[in-house]
1. For the range 179-222 and the range 85-128, what is the centre-to-centre distance using only Cα atoms, to the nearest Å?
2. Semi-axes of the equivalent ellipsoid for the range 167-273, please: Cα gyration tensor eigenvalues, times 5, square-rooted, ordered largest first, whole Å.
3. Using the Karplus curve 6.51 cos²θ - 1.76 cosθ + 1.60 with θ = phi - 60°, work out ³J(HN,Hα) for each residue of the range 324-340 in order, rounded to whole Hz, and write x for Gly and Pro.
4. Output wanted: per-residue J couplings in Hz (rounded whole) for the range 229-235, from phi through Karplus 6.51 cos²θ - 1.76 cosθ + 1.60, θ = phi - 60°, x for Gly and Pro.
5. Decide, for the range 344-388, between rounded, prolate and oblate: order the square roots of the alpha carbon gyration tensor eigenvalues as a ≥ b ≥ c, take rounded if a/c falls under 1.5, and otherwise choose prolate if a/b is larger than b/c, else oblate.
6. For the chain, what is the mean residue ellipticity at 222 nm derived from helices alone (per DSSP H run of n ≥ 4: -39500 (n - 2.57); sum divided by total residues; nearest 500 deg cm²/dmol)?
7. Count the net charge of all other residues whose Cβ sits under 10 Å from the Cβ of Ala157, scoring Lys and Arg as +1 and Asp and Glu as -1.
8. Quick check: pseudo-label points 7 Å beyond the Cα along Cα→Cβ at Thr127 and Thr156, how many nm apart are they?
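What follows draws every value from the coordinates through simple rules; no lab data is involved. What you see is a predicted model, and the numbers here were worked out from it, not measured in a lab. So basically every Cβ, Gly included, is an ideal-geometry build from the backbone, and we count neighbours across all protein chains shown.
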Amino acid sequence: MRIAVVGSGYVGLVAGACFAELGHDVILVDNDETKLRALQAGEVPIHEEFLPELLERHRGERLAFSASLPHAVRASDAIFIAVGTPPTEDGDADLSYVESVAREVAEAIDSYKIVVEKSTVPVYTSTWIRKIMILNGAPPDLFDVASNPEFLREGTAVTDFLYPDRIVIGADHEPCASMLRTIYAPLTDGSYYRNRLAIPQPSHARIPARLIQTSTNSAELIKHASNAFLAMKISFINAVANICECVGADIEEVREGMGSDRRIGSRFLNPGVGYGGSCFPKDVKAFNAVARQCGYNFGLLDEVEQINLNQRQRFLRKVRNALWTLKGKRLAVLGLAFKGGTDDIRESPALEIIQSLLREGCGVTACDPAALERTRAIFQERVKFVDDPYDAAAGADALLILTDWEEFANLDLGRLRELLRYPVIIDGRNLYDPQEMAEHGFIYSSVGRRDVLPARPALAPKPAATSDGLKKTA
Ligand code: UGA
């Protein structure tokens, strides 16, 4: 198939590269010419496993880049809209980018095409796209609008696309549904997985991929409802973690007990500093706005959001409890990205927590395997950035863990203990076992578990040390 993907952000870039991987001819369209030039020159703007390989494999062959939407429309059978839908002040999705793409597609259309929403959009957006296209001169029988929501997660986006739990296609007419089924056929008939060069299969992959065909309205709702449900799962477990703290229970035990019920499932039940990123916070708000607009009070979603925001405040309270006053304290922060495996800092709980710490007069030294540059652009000189977690820890009054990077889950605890000024660790992602931390001499606080004190007496505070272990002279 000949496919145009409009918007080279996260979803568009991954979808474009993966469609090319499935054997289609793809034109990726963006109006940002600098970005296009960078992509053409072989740069990869996001940190995503396997994406560099796919871009390298298909660039200039089955994957082209263009700033001309009319050209891409005329050269394609299917046009996927993957532009941003940021939240407005009221929490609605701002659909102005989608609307302007629909207008341009309408003006360029010259033969039957399908226009497919890939961005996360509220229910009825497909109806609006159709209306706008007709108002802008597109003959009604020359196109259909479909919904094909994307369920990829940042960090595992390529494997999520190629080994999906399900592919949802929402189409109200058979010719349109049939084109979408053809596009995904290599995944649903399994032929892609027999390809020797296929991207390696992750564990628990469902092969061949399952395709669910629905109406366009249902497909739009599936996306919002899925993200809101996952966010609810996280807020639920965070609320249970808070109760664990009150009654002295252990959230990891409770989580295992709950998650082993297959009706509940253990995934997305990790407590922490709350969810962030460019999807859950925005989609919970947007789904709530959809409910409001259709006259339904979905108060549960207000609560999901509130619990999520409170998690950050609770974490700050733990820091205060551990250090008493914050003014003038030096804190090592491990983790800036909204989750491990990505350089994305949008709506990252870590950033809001750092803002609060700076406001209270703390000095912050931060470290992250991928998100340093993006965060530096925000805080500039107000935060010190280092590449190595041990450099961050050197001489700090406490160490805070804010992102679940694997790199932070296997630190040399003896070395850390030696480097920190006080043996205080506040872990917002439960990366360590409290008992082990106590045995290594730490005062350790985490989420939904009892705080622990050193199993052996804490040593007297040490003079500031450098990461190579040398004591600094005052
Ligand atoms: C999310 C969904 O998981 C994808 O299915 C969806 O396609 C995507 O949004 C989207 O709509 O585009 P993503 O935002 O990349 O994907 O990240 P997640 O892995 O879902 O994590 C979101 C946040 O929840 C992160 O801050 C993460 O740390 C937090 N989280 C996740 C928890 O606090 N606990 C958990 O158990 C799981």
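1. The range 179-222 and the range 85-128 have Cα centres spaced 24 Å from each other.
2. 37, 20, 9
3. 6, 9, 9, 4, x, 6, 9, 10, 9, 10, 9, x, 10, 5, 6, 6, x
4. 5, 5, 4, 5, 4, 5, 5
5. oblate
6. After summing the helix terms and dividing by residue count, I get -12500 deg cm²/dmol.
7. -4
8. 3.6
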